[in-house]
Structures are given as C-alpha cells and as structure tokens.
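A quick write-up on the structure given underneath.
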Amino acid sequence: MVNRKLKWSLIALLLLVGCQSSDGPELNTSEGTFPTIQGNNLNKQSKIIPNDYADKDLIIIVAFQQWHQPIVDEAIESLEKNGLGDTHNIIEVPTIQKSSKLSEIYLDGIMRAGIRDDRIRNRTITAYINKEEFKNLLDIPDEQTIYWYLIKKGTNVIQKKGYGVISDQEISEIKELTS
C-alpha cells in the first residue's frame with residue numbers, strides 16, 4: 001500500500017513539475033539583427049541560432065504553424081535547386097510558445113517520428129520561446145505565413161528578409177549579397 005501511494009505521489013509531483021510554464025530565456029537583439037535563440041534539432045542536439053551556424057551565410061526560415069510545413073519545404077527546395085544549399089547554411093525553425101517540459105518532449109517526439117531523414121532532422125531546430133516577444137523583436141505582424149532571414153556569416157546581422165516562399169528575384173538578390 002505504501003509503495004502504491006509513493007508511486008502515485010511521485011507521478012503527481014512529476015506532472016506538477018512537468019506542467020509548469022516558463023517564459024524562457026529573454027531574447028535580446030538590436031534593430032537589424034536576429035536574436036540569439038536556443039533550441040534543439042530533431043536529433044536532440046542543442047543549437048544556438050545563429051552562433052552555431054557561423055561558418056557560412058545563414059538562411060533561417062521561421063514557421064509558426066504546423067500547416068506552414070509545405071511552404072517551408074517549397075522555400076528550401078527552391079533555395080537548394082538554385083545552389084544555395086552548397087554556399088549557405090539553411091535551417092528551419094519551428095517556433096512554439098514556451099510551455100511545460102513535458103509538452104516540449106511530447107511535441108519533439110511527434111516531430112521526430114514524422115521526419116526520418118537525418119539531414120532534415122539536423123536542419124530543423126525547434127525553438128520553445130516567448131513568441132510575442134520574438135515577433136516584436138523581428139517586427140513580424142502575424143503568424144499567417146513563414147518568415148525568412150539571410151544572416152551574414154559569423155554575425156547575427158540581417159542582410160535581407162522576407163516572407164512566404166522565396167521568389168526567384170529574392171534568390172537572385174541573396175546570391176548578389178553573398179557573392
């Protein structure tokens with residue numbers, strides 16, 4: 001009987017601790033720069049964006065909704081088709097409102113289960129953050145589409161930004177900025 005009560009008490013304690021919400025780390029940036037954010041890729045490796053991608057110019061694709069995935073896939077396919085996968089780091093960053101650790105573990109597991117390709121798992125960095133603060137820092141008006149950012153090599157300076165699928169004209173401009 002004592003073992004059973006202890007077991008249920010531990011489960012209740014774990015649920016209580018696991019469901020506690022936190023705003024997460026404060027995001028700091030100045031105008032024209034991308035905030036430094038921490039996340040984990042789908043291979044469970046901790047990543048700091050943009051710091052861990054300083055060897056080449058970086059293209060960050062930020063998504064807010066699960067239904068954004070086809071737009072993200074089309075944008076990345078277009079970038080890679082135009083050779084930018086060879087000359088730039090390209091990452092996708094699903095942003096999710098910071099909540100409980102238990103929720104984060106659950107969502108990460110679902111995403112990992114849906115993506116078997118190691119290359120895609122490596123470039124997908126989930127960021128559990130204060131989404132309103134993040135959107136305010138980057139002047140993002142809403143969550144109706146994806147937003148993308150070209151970050152200068154070794155910095156967090158935004159060289160170009162846009163939203164939705166990246167057009168051929170925007171890809172040409174990215175190539176001019178980084179050549």
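The values are calculated or read from the model by the stated rules, or taken from the named source; none is laboratory data. A quick note: this is a predicted structure, and the numbers were derived from the prediction, not measured. As a convention, Cβ positions derive from the backbone with ideal geometry for all residues, glycine included, and neighbour counts pool all protein chains shown.
Observations on the structure shown:
- Test: L58 is in a helix (DSSP H, G or I), modelled with pLDDT of 95 or more and not acidic (D, E): no
- Checking each residue in the range 134-149 for being assigned to a helix (DSSP H, G or I), buried (at least 16 other Cβ atoms within 10 Å of the Cβ) and either of a type outside the set (K, R) or touching a residue at least 12 places away in the same chain (Cβ under 8 Å) (or both) picks out F134, L137.
- In the range 101-110 there is at least one residue that is at pLDDT below 95, among the polar types (S, T, N, Q) and surrounded by 13 or more Cβ atoms within 10 Å (Cβ to Cβ).
- From the options E133, E176, residue that is over 16 Å from the mean Cα position of the chain (by Cα) and farther than 16 Å from I91 by Cβ: E176
- Residue check, V93 aliphatic (A, V, I, L, M), more than 23 Å from S46 (Cα to Cα), surrounded by 15 or more Cβ atoms within 10 Å (Cβ to Cβ) and under 17 Å from the mean Cα position of the chain (by Cα): no
- Top-ranked residue of the range 37-53 - restricted to ones that are buried (at least 16 other Cβ atoms within 10 Å of the Cβ) and of a type in the set (A, V, I, L, M), ranked as nearest to L107 (Cα to Cα): L42
- Subset of the range 121-133 [part of a helix (DSSP H, G or I) and in contact with a helix residue (DSSP H, G or I) (Cβ under 9 Å, 6 or more places away or on another chain)]: R121, R123
- Annotation note: of L16, L27, the sole residue that is touching a helix residue (DSSP H, G or I) at 6+ places or on another chain (Cβ under 7 Å) and modelled with pLDDT under 95 is L27.
- In the range 66-84, the residues that are surrounded by fewer than 14 Cβ atoms within 10 Å (Cβ to Cβ) and not in a helix (DSSP H, G or I): G83
- Hits in the range 85-112 (condition: part of a loop (DSSP other than H, G, I, E, B) and charged (D, E, K, R)): K98
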